[in-house]
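Okay, structure first, notes after.
The values are calculated or read from the model by the stated rules, or taken from the named source; none is laboratory data. Just so it is clear, the structure is predicted and the values come from calculations on it, not from any experiment. So basically every Cβ, Gly included, is an ideal-geometry build from the backbone, and we count neighbours across all protein chains shown. Accessible surface is based on the protein model in full, side chains and every heavy atom, while ligands, DNA and RNA are left aside. Shrake-Rupley method; radii C 1.70, N 1.55, O 1.52, S 1.80 Å.
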Amino acid sequence: MSLQDAMKKMGESVSSLVKNGYVVGLGSGSAVAAFVNALGERMKKEGLKVTAIPTSMQIELIAESLGFVLERYHRINDIDIVVDGADQIDSMFNMIKGGGGAHHREKVFIEASKKRVIVADESKYLKYLNRNVPVEVSIFARHFVWKRLEAIGGKPKVRTLEKGYPYFTENGNIILDTEFGEIKDPPKLESQLQKIPGVVANGVFTMKINVFFKAKNNGTVEKIER
Ligand code: 5RP
(Lines give C-alpha, C1' and ligand atoms only; values in the text may rest on other atoms or scores of the structure.)
Protein backbone atom coordinates (compact mmCIF):
# COMPACT_ATOMS: atom_id res chain seq x y z
CA MET A 1 0.00 0.00 0.00
CA SER A 2 1.35 3.44 -0.95
CA LEU A 3 0.64 7.12 -0.38
CA GLN A 4 -1.19 7.11 -3.69
CA ASP A 5 -3.57 4.42 -2.37
CA ALA A 6 -4.08 6.49 0.78
CA MET A 7 -4.87 9.63 -1.25
CA LYS A 8 -7.52 7.70 -3.21
CA LYS A 9 -8.96 6.22 -0.02
CA MET A 10 -9.00 9.67 1.58
CA GLY A 11 -10.96 11.05 -1.37
CA GLU A 12 -13.49 8.23 -1.04
CA SER A 13 -13.90 8.73 2.73
CA VAL A 14 -14.50 12.45 2.31
CA SER A 15 -16.92 11.90 -0.55
CA SER A 16 -19.05 9.71 1.76
CA LEU A 17 -19.72 12.84 3.89
CA VAL A 18 -21.57 14.44 0.97
CA LYS A 19 -25.35 14.03 0.93
CA ASN A 20 -27.83 14.27 -1.91
CA GLY A 21 -28.65 17.89 -2.76
CA TYR A 22 -25.59 19.35 -1.04
CA VAL A 23 -23.87 22.49 -2.27
CA VAL A 24 -20.18 21.53 -2.22
CA GLY A 25 -17.32 24.04 -2.12
CA LEU A 26 -14.30 22.73 -4.00
CA GLY A 27 -10.89 23.92 -2.80
CA SER A 28 -7.87 23.48 -5.07
CA GLY A 29 -4.92 21.14 -5.44
CA SER A 30 -4.17 17.46 -5.94
CA ALA A 31 -5.76 16.16 -2.72
CA VAL A 32 -9.00 17.95 -3.59
CA ALA A 33 -8.78 16.46 -7.09
CA ALA A 34 -8.78 12.95 -5.53
CA PHE A 35 -11.94 13.90 -3.62
CA VAL A 36 -13.60 15.29 -6.76
CA ASN A 37 -12.82 12.07 -8.61
CA ALA A 38 -14.35 9.98 -5.81
CA LEU A 39 -17.43 12.20 -5.70
CA GLY A 40 -17.76 11.88 -9.48
CA GLU A 41 -17.79 8.08 -9.05
CA ARG A 42 -20.62 8.31 -6.51
CA MET A 43 -22.59 10.56 -8.85
CA LYS A 44 -22.21 7.99 -11.62
CA LYS A 45 -22.88 4.86 -9.55
CA GLU A 46 -25.48 6.10 -7.05
CA GLY A 47 -27.11 8.93 -8.99
CA LEU A 48 -26.01 11.34 -6.23
CA LYS A 49 -26.91 14.92 -7.15
CA VAL A 50 -24.81 17.82 -5.91
CA THR A 51 -24.10 21.39 -6.92
CA ALA A 52 -20.42 22.35 -6.79
CA ILE A 53 -18.68 25.73 -6.65
CA PRO A 54 -14.98 25.73 -7.61
CA THR A 55 -12.32 28.01 -6.09
CA SER A 56 -10.06 27.87 -9.14
CA MET A 57 -9.85 26.98 -12.79
CA GLN A 58 -7.62 24.01 -11.84
CA ILE A 59 -10.43 22.27 -9.95
CA GLU A 60 -13.15 23.64 -12.23
CA LEU A 61 -11.61 21.85 -15.23
CA ILE A 62 -11.51 18.53 -13.37
CA ALA A 63 -15.07 18.88 -12.05
CA GLU A 64 -16.29 19.92 -15.50
CA SER A 65 -14.73 16.87 -17.12
CA LEU A 66 -16.61 14.63 -14.67
CA GLY A 67 -19.98 16.19 -15.50
CA PHE A 68 -20.46 18.18 -12.29
CA VAL A 69 -23.17 20.83 -12.15
CA LEU A 70 -21.17 23.98 -11.38
CA GLU A 71 -22.49 27.13 -9.79
CA ARG A 72 -21.02 30.61 -9.45
CA TYR A 73 -20.28 32.72 -6.45
CA HIS A 74 -23.81 33.93 -5.73
CA ARG A 75 -24.37 30.52 -4.07
CA ILE A 76 -21.43 30.94 -1.69
CA ASN A 77 -23.60 31.36 1.41
CA ASP A 78 -25.34 28.05 0.67
CA ILE A 79 -22.21 25.86 0.85
CA ASP A 80 -22.96 22.78 3.01
CA ILE A 81 -19.44 21.37 2.95
CA VAL A 82 -16.09 22.64 1.70
CA VAL A 83 -13.20 20.31 1.00
CA ASP A 84 -9.78 21.85 0.64
CA GLY A 85 -6.08 20.98 0.77
CA ALA A 86 -3.21 22.59 2.69
CA ASP A 87 0.50 23.24 2.24
CA GLN A 88 1.36 22.95 5.94
CA ILE A 89 -0.64 22.19 9.12
CA ASP A 90 0.85 22.83 12.56
CA SER A 91 0.22 21.01 15.84
CA MET A 92 -2.58 23.49 16.71
CA PHE A 93 -4.18 22.91 13.28
CA ASN A 94 -3.30 26.31 11.85
CA MET A 95 -2.40 26.14 8.18
CA ILE A 96 -0.45 27.72 5.37
CA LYS A 97 -2.32 27.63 2.08
CA GLY A 98 -1.89 29.28 -1.31
CA GLY A 99 0.70 27.02 -2.93
CA GLY A 100 -1.61 27.06 -5.96
CA GLY A 101 -2.41 30.75 -5.56
CA ALA A 102 -6.10 30.19 -4.79
CA HIS A 103 -6.06 31.11 -1.10
CA HIS A 104 -8.15 34.28 -1.40
CA ARG A 105 -11.17 32.37 -2.67
CA GLU A 106 -10.39 29.39 -0.44
CA LYS A 107 -10.43 31.56 2.68
CA VAL A 108 -13.84 32.97 1.76
CA PHE A 109 -15.21 29.50 0.94
CA ILE A 110 -14.02 27.99 4.22
CA GLU A 111 -15.50 30.83 6.26
CA ALA A 112 -18.78 30.56 4.35
CA SER A 113 -19.20 26.79 4.67
CA LYS A 114 -21.29 24.97 7.26
CA LYS A 115 -18.83 22.02 7.42
CA ARG A 116 -15.11 22.42 6.78
CA VAL A 117 -12.88 19.53 5.77
CA ILE A 118 -9.13 19.54 5.03
CA VAL A 119 -7.37 16.77 3.12
CA ALA A 120 -3.57 16.47 3.12
CA ASP A 121 -0.84 13.88 3.08
CA GLU A 122 1.23 13.28 6.20
CA SER A 123 4.22 15.32 4.97
CA LYS A 124 2.10 18.47 5.44
CA TYR A 125 1.66 17.96 9.19
CA LEU A 126 4.42 19.41 11.40
CA LYS A 127 4.95 21.17 14.74
CA TYR A 128 5.39 24.75 13.52
CA LEU A 129 4.53 26.38 10.19
CA ASN A 130 7.76 27.40 8.43
CA ARG A 131 6.97 27.70 4.73
CA ASN A 132 6.92 31.03 2.91
CA VAL A 133 3.52 32.65 3.40
CA PRO A 134 1.72 33.47 0.13
CA VAL A 135 0.53 37.08 0.35
CA GLU A 136 -1.78 38.12 -2.49
CA VAL A 137 -1.25 41.78 -3.24
CA SER A 138 -2.90 44.32 -5.50
CA ILE A 139 -0.25 45.30 -8.09
CA PHE A 140 -0.40 49.02 -7.47
CA ALA A 141 0.33 48.57 -3.77
CA ARG A 142 3.26 46.18 -4.14
CA HIS A 143 6.08 48.52 -3.09
CA PHE A 144 4.13 49.71 -0.08
CA VAL A 145 3.19 46.18 0.99
CA TRP A 146 6.77 44.98 0.44
CA LYS A 147 8.04 47.55 2.93
CA ARG A 148 5.35 46.70 5.46
CA LEU A 149 6.15 42.99 5.18
CA GLU A 150 9.80 43.74 5.89
CA ALA A 151 8.77 45.92 8.84
CA ILE A 152 7.09 42.93 10.51
CA GLY A 153 10.11 40.68 9.90
CA GLY A 154 9.21 39.16 6.54
CA LYS A 155 11.41 38.54 3.51
CA PRO A 156 9.15 38.85 0.47
CA LYS A 157 9.78 37.43 -3.00
CA VAL A 158 7.58 37.93 -6.06
CA ARG A 159 6.17 34.58 -7.18
CA THR A 160 7.21 33.91 -10.75
CA LEU A 161 6.57 31.30 -13.40
CA GLU A 162 9.34 29.07 -14.77
CA LYS A 163 10.77 31.65 -17.20
CA GLY A 164 10.72 34.47 -14.68
CA TYR A 165 7.44 36.11 -15.66
CA PRO A 166 5.34 37.17 -12.68
CA TYR A 167 2.56 34.85 -11.58
CA PHE A 168 -0.90 36.45 -11.62
CA THR A 169 -3.74 35.03 -9.56
CA GLU A 170 -7.20 34.47 -11.00
CA ASN A 171 -8.11 37.75 -9.30
CA GLY A 172 -5.46 39.64 -11.32
CA ASN A 173 -3.06 40.17 -8.41
CA ILE A 174 0.52 39.13 -7.70
CA ILE A 175 1.78 36.96 -4.85
CA LEU A 176 4.63 37.86 -2.51
CA ASP A 177 5.85 34.57 -1.02
CA THR A 178 7.16 35.82 2.28
CA GLU A 179 9.58 34.10 4.62
CA PHE A 180 8.93 34.47 8.36
CA GLY A 181 10.98 31.52 9.65
CA GLU A 182 9.17 29.36 12.23
CA ILE A 183 5.74 30.86 12.88
CA LYS A 184 5.08 30.53 16.61
CA ASP A 185 1.92 32.68 16.69
CA PRO A 186 -0.07 32.14 13.46
CA PRO A 187 -3.21 34.06 14.56
CA LYS A 188 -1.08 37.14 15.29
CA LEU A 189 0.70 36.93 11.94
CA GLU A 190 -2.55 36.37 10.07
CA SER A 191 -4.08 39.51 11.53
CA GLN A 192 -0.89 41.60 11.06
CA LEU A 193 -0.86 40.64 7.37
CA GLN A 194 -4.54 41.24 6.86
CA LYS A 195 -4.25 44.75 8.30
CA ILE A 196 -1.81 45.90 5.60
CA PRO A 197 -3.72 47.94 3.01
CA GLY A 198 -3.12 46.42 -0.43
CA VAL A 199 -3.06 42.84 0.88
CA VAL A 200 -5.97 40.99 -0.69
CA ALA A 201 -5.48 37.75 1.25
CA ASN A 202 -2.73 36.01 3.16
CA GLY A 203 -2.02 32.29 3.30
CA VAL A 204 -2.16 31.90 7.09
CA PHE A 205 -5.43 30.13 7.96
CA THR A 206 -6.40 29.92 11.64
CA MET A 207 -10.18 29.45 11.51
CA LYS A 208 -11.91 26.41 12.97
CA ILE A 209 -11.86 23.34 10.77
CA ASN A 210 -14.23 20.46 11.62
CA VAL A 211 -12.30 17.50 10.22
CA PHE A 212 -8.74 16.90 9.02
CA PHE A 213 -7.88 13.82 6.98
CA LYS A 214 -4.28 12.63 6.87
CA ALA A 215 -3.15 10.28 4.07
CA LYS A 216 -0.15 8.24 5.20
CA ASN A 217 2.77 6.70 3.35
CA ASN A 218 1.75 3.21 4.56
CA GLY A 219 -1.54 3.51 2.66
CA THR A 220 -3.78 4.27 5.64
CA VAL A 221 -5.89 7.36 6.34
CA GLU A 222 -6.35 9.06 9.71
CA LYS A 223 -9.42 11.17 10.49
CA ILE A 224 -8.98 13.94 13.07
CA GLU A 225 -12.25 15.50 14.26
CA ARG A 226 -12.12 18.77 16.14
C1 5RP B 1 -4.05 26.24 -3.33
C2 5RP B 1 -3.94 25.53 -2.02
C3 5RP B 1 -3.90 24.04 -2.07
O4 5RP B 1 -4.98 23.55 -1.34
C5 5RP B 1 -2.60 23.58 -1.48
O6 5RP B 1 -1.56 24.13 -2.26
C7 5RP B 1 -2.48 22.05 -1.43
O8 5RP B 1 -2.36 21.50 -2.70
P9 5RP B 1 -1.97 19.96 -2.92
O10 5RP B 1 -3.12 19.12 -2.38
O11 5RP B 1 -1.80 19.83 -4.42
O12 5RP B 1 -0.66 19.72 -2.19
O13 5RP B 1 -3.88 26.12 -0.97
O14 5RP B 1 -4.04 27.63 -3.15
Query - Alpha-carbon centroid distance for the pair the range 101-161 / the range 27-65, whole angstrom - result: 24
Query - Per residue accessible area in Å² of the range 133-202, where ligands, DNA and RNA are left out and the probe is 1.4 Å - result: 58
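What is the sum of charges, Lys and Arg at +1 and Asp and Glu at -1, for the other residues whose Cβ falls under 9 Å from the Cβ of Lys127?
Spelling it out: positives minus negatives among the neighbours equals -2.
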Query raised in the report: At a Förster radius of 30 Å, what calculated FRET efficiency corresponds to the Cβ-Cβ distance of Lys188 and Asp5, to the nearest 0.05?
Result: 0.15
Query raised in the report: Who wins for biggest fluctuation among Ser91, Ser13, Ser30 in a Gaussian network model of the chain, springs between alpha carbons below 10 Å?
Result: Ser91
Query raised in the report: Among bridges DSSP assigns within the chain, what percent are antiparallel (round to 5)?
Result: 55
Query - Gaussian network model of the chain, springs between alpha carbon atoms under 10 Å - residue of Phe93, Phe144, Phe68 with greatest fluctuation - result: Phe144
Report task. Could you work out which residue, out of Tyr125, Tyr165, Tyr22, moves most in a Gaussian network model of the chain, that is, has the largest mean-square fluctuation with Cα springs under 10 Å? Result -> Tyr165
Query - Cα Rg, Dmax (largest Cα-Cα span) when computed across the chain, Å - result: 17.5, 55
Query - Above-threshold pairs, the threshold being 18 Å between Cα atoms, out of Lys107/Lys214; Lys107/Lys195; Lys124/Lys163; Lys97/Lys157; Lys97/Lys214 - result: Lys107/Lys214; Lys124/Lys163
Query raised in the report: Can you tell me the Rg and Dmax of the range 133-202, counting just the alpha carbons, in angstroms?
Result: 11.6, 35
Query raised in the report: Which residue, chosen from Gly85, His74, Met95, occupies the Cα position most advanced towards the positive end of the dipole of the range 72-143, where the dipole is computed from +1 (Lys, Arg) and -1 (Asp, Glu) charges on Cβ about the Cα centre?
Result: His74
Query raised in the report: At a Förster radius of 45 Å, what calculated FRET efficiency corresponds to the Cβ-Cβ distance of Thr160 and Lys49, to the nearest 0.05?
Result: 0.60
Requested in this report: Run the accessible area of the chain with a 1.4 Å probe and give the carbon-and-sulfur part as a rounded percent.
Outcome: 52
Report task. Please get the size of the charge dipole for the range 133-202, origin at its Cα centre, with Cβ charges of +1 on Lys and Arg and -1 on Asp and Glu, quoted in debye to the nearest 20. Result -> 240
Query raised in the report: What distance in nm separates the simple spin-label points at Leu126 and Asn171, each placed 7 Å from Cα in the Cβ direction?
Result: 2.6
Requested in this report: Would you check the accessible area of Arg75, probe 1.4 Å, heavy atoms only, in square angstrom rounded to 10?
Outcome: 60
